[in-house]
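Visitor: Got a structure for you, written out below as structure tokens; questions coming shortly.
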Amino acid sequence: MKILLYATENSRNLGSIVRTSAAFGIERIHLYDRFGILDSEDSLRGISETSMGHDSTVEIVSVDDAVKFADQYEHRFATTLAKGSRRLGDPKYDVEIPEDALIMFGNETRGLPRELSRRSGIRKIVIPTRGMDYCLSLPVAYAVVLWEFLRQHPDKLPQRGK
């Protein structure tokens, strides 16, 4: 599984995602860094502090063109609140995330842009909540989707103590 974070705005959110990634054995995150988080000393400090130092174990790879990057993958998933999204974990939709999938997460304010979320072949998924007024924070949504992937691929679960 590959991860693309689109224009994350908050370095501490990115730090939480890095910490979660390290806990579950994800070694690389791709970031379309529209807001220059990776260029700011304050942001890098925020990532390191929030990730509890795990930023040294998870590589953050900058992506120049998010659409071109996403187009390289056959199995693409957009996490979105848009109508028509398949409810993650709902047997009615049977969302299967292949091992070679790219999962894209939008930023904290606007989510994924239409040029990514409405692209041909993109499967939209949503984490079911009580309604549109209840959406999860980016790091929490990331953890839920990552856990669903690992639940579907138990051989990818990290072994305790490794």
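Visitor: Could we say that R34 is surrounded by fewer than 20 Cβ atoms within 10 Å (Cβ to Cβ), closer than 18 Å to G106 by Cβ and touching a Gly at 6+ places or on another chain (Cβ under 9 Å) here?
Guide: Spelling it out, it is not the case that R34 is surrounded by fewer than 20 Cβ atoms within 10 Å (Cβ to Cβ), closer than 18 Å to G106 by Cβ and touching a Gly at 6+ places or on another chain (Cβ under 9 Å).
Visitor: Within the stretch 42-88, can you find the residues that are at pLDDT 90 or above, surrounded by fewer than 14 Cβ atoms within 10 Å (Cβ to Cβ) and outside any strand (DSSP E or B)?
Guide: Passing the criteria: D42, R45, E49, M52, S56, D64, D65, V67, K68, Q72, E74.
Visitor: For the stretch 77-88, enumerate the residues that are touching a helix residue (DSSP H, G or I) at 6+ places or on another chain (Cβ under 6 Å) and not polar (S, T, N, Q).
Guide: Within the stretch 77-88, A78, L88 qualify.
Visitor: Another question, if that's okay. Hey, can you tell me all the residues within the stretch 109-134 that are of a type outside the set (K, R), touching a residue at least 24 places away in the same chain (Cβ under 8 Å) and over 12 Å from T79 (Cα atoms)?
Guide: Listed by number, the residues that qualify are T109, E115, G121, M132.
Visitor: Among the residues of the stretch 9-23 satisfying the criterion of being touching a residue at least 60 places away in the same chain (Cβ under 8 Å) and of a type in the set (A, V, I, L, M), which is surrounded by the most Cβ atoms within 10 Å (Cβ to Cβ)?
Guide: Taking the candidates together, the pick is I17.
The values are calculated or read from the model by the stated rules, or taken from the named source; none is laboratory data. These figures come from a predicted structure and were not determined experimentally. Glycine gets a Cβ as well: all are built from the backbone with ideal geometry, and neighbour counts include every protein chain shown.
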